[in-house]
1. Going down the table (LYS4/LYS341; LYS13/LYS64; LYS23/LYS218; LYS89/LYS154; LYS60/LYS81), which pairs top 32 Å between alpha carbons?
2. At 4 °C and 1.567 mPa s, what whole-number value in µm²/s does Stokes-Einstein give for the translational diffusion of region 173-213, with Rh from the Kirkwood sum over Cα pairs?
3. Mind listing which GluC sites (Glu not before Pro) in region 101-168 are in a DSSP loop and have 12 or fewer other Cβ atoms within 10 Å?
4. Can you list residues whose amide H is under 5 Å from THR318's amide H, if they're 5+ apart or on another chain and H is modeled 1.01 Å from N?
5. Once you've got the Cα coordinates, tell me which of LYS7/LYS241; LYS28/LYS387; LYS167/LYS189 are over 24 Å apart.
6. For region 142-282, just say rounded, prolate or oblate: build the C-alpha gyration tensor, square-root its eigenvalues into a ≥ b ≥ c, call rounded for a/c under 1.5, and beyond that prolate if a/b exceeds b/c, oblate if not.
7. Going by alpha carbons, how many degrees (0 to 90, nearest 10) lie between the helix axis of 291-312 and the longest principal axis of the chain?
8. Region 1-110: which trypsin sites (Lys or Arg not before Pro) are DSSP loop and have at most 14 other beta-carbon atoms within 10 angstrom?
Amino acid sequence: MVIKFAKRTELLKPSPTLAITAKANALKAQGVDIIGFGAGEPDFDTPEHVKEAAIEAMKKGYTKYTPVGGINELKDAIIEKTLNDFGLKYDRNEVIVSVGAKHSLYNIAMALFEEGDEVIIPAPYWVSYIDQINLTGAVPRIIETREEDEFKVKPEQLEEVINERTKAIILNYPSNPTGATYSKEELEKLGEVILRKNPNMWVISDEVYEKILFDGRKHVSIASISPELRERTLHVNAVSKTYSMTGWRIGWVCGNKEIVRVMTDLQSQSTSNPTSIAQWAAVSALKGPQDKVFEMVRAFEERRNYIVGRLNSIPGVTCFNPHGAFYVFPNFSKCYGKRYKDKVINNSLDFAAYLLEEFKVAIVPGEAFGDDRCARLSFATSMENIKKGLDRIEEAIKALE
Ligand code: PMP
Ligand code: GLU
């Protein structure tokens with residue numbers, strides 16, 4: 001039977017980050033000694049009090065539909081958190097809770113983008129932005145950032161690409177996959193160009209890694225730079241990374257109430273509310289003790305220091321020192337053109353396949369993030385695994401001729 005799929009699915013690819021993790025897990029289940037650097041989620045457990053809150057919610061009978069955009073208790077917890085952390089005040093009708101930040105971003109794309117629109121994405125980018133934009137018929141406009149510029153987009157670059165068709169820019173800081181983040185001054189400069197060049201465009205600010213920052217850095221949201229930028233910004237956040245709650249699927253958007261209303265309508269016709277008990281767990285995560293977050297960030301920082309040091313000590317490899325999140329994005333391109341037995345490594349896909357097949361190490365090829373010179377390693381895995389994995393990578397690179 002020939003199935004005629006809708007045109008919108010023509011460019012659709014499965015999420016490569018989820019696919020690599022699934023492949024590594026399947027090999028592990030078969031007993032293969034795999035070191036997985038694929039995971040896009042903290043390796044820590046969800047804090048106990050958060051689990052207790054979900055159990056409590058079930059016992060209280062909070063197991064039914066909730067308001068589509070989230071229970072007021074969660075909206076209020078988000079409002080309080082956003083005010084305390086960024087000095088940004090939102091009303092309930094400016095907040096919508098969805099099934100993870102991925103769903104929040106999808107709803108934004110569905111509400112705003114269409115054929116004829118351009119959406120600016122600085123590369124390296126998180127894998128799902130491109131597919132979500134493609135699904136709407138809009139066109140992603142990629143800005144290549146450079147390792148020498150700490151993988152940050154520069155105001156001059158924005159100046160060049162923004163035009164009257166620009167509907168939005170998606171900024172993700174700290175970034176997945178590079179770990180780069182922006183200072184207040186840098187955000188001010190980007191904001192100035194945005195407001196001047198196209199005052200009608202939207203800033204989709206994906207801040208899901210805001211709490212995972214190193215070297216004493218403090219996160220600044222672009223929405224807090226000026227009232228004008230607050231107006232134009234859709235602030236995207238989630239409990240997924242901060243509280244090791246990736247499986248609970250709770251994310252949210254704070255921003256323009258008209259957009260929130262349309263996103264809520266979309267949600268009412270697609271998923272309805274996010275899971276009731278997960279919402280109560282998220283309330284507890286946001287309002288409860290935060291010590292587990294600090295513990296996790298300390299562990300990530302220690303691992304980052306080790307992994308960056310090790311990678312930079314391998315001849316031919318360079319690795320940017322991430323400011324936050326739990327990924328490194330080293331440049332392996334000096335390995336390209338080399339061979340192992342009869343196999344030639346020509347790009348990041350070949351390199352990742354070589355590591356997986358010959359040395360049992362799973363990484364995500366940089367191609368998926370729009371930079372084929374690099375690959376992503378997640379350090380959301382134990383120090384022991386990191387050491388073992390790095391030994392294997394070093395050995396693999398030495399074995400290339
Ligand atoms: N944005 C970025 C940059 C991410 O890395 C992720 C990770 N999955 C998401 C959004 C989606 O997060 P969630 O699990 O809350 O859907
Ligand atoms: N965001 C994570 C990652 O980049 C999880 C996987 C996904 O949602 O694609 O690996």
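1. LYS4/LYS341; LYS13/LYS64; LYS23/LYS218
2. 114 µm²/s
3. GLU114, GLU115, GLU164
4. Residues meeting the amide H criterion: ASN331.
5. Checking Cα-Cα distances, LYS7/LYS241 exceed 24 Å.
6. oblate
7. 30 degrees
8. LYS4, LYS60, LYS64, LYS89
The values are calculated or read from the model by the stated rules, or taken from the named source; none is laboratory data. In this text the structure is predicted, and so the values were computed from the model without any measurement. With ideal geometry, Cβ positions are generated from the backbone for all residues, glycine too; neighbour counts draw on all protein chains shown. The accessibility values were calculated without ligands, DNA or RNA, using every heavy atom of the protein model including side chains. Shrake-Rupley method; radii C 1.70, N 1.55, O 1.52, S 1.80 Å.
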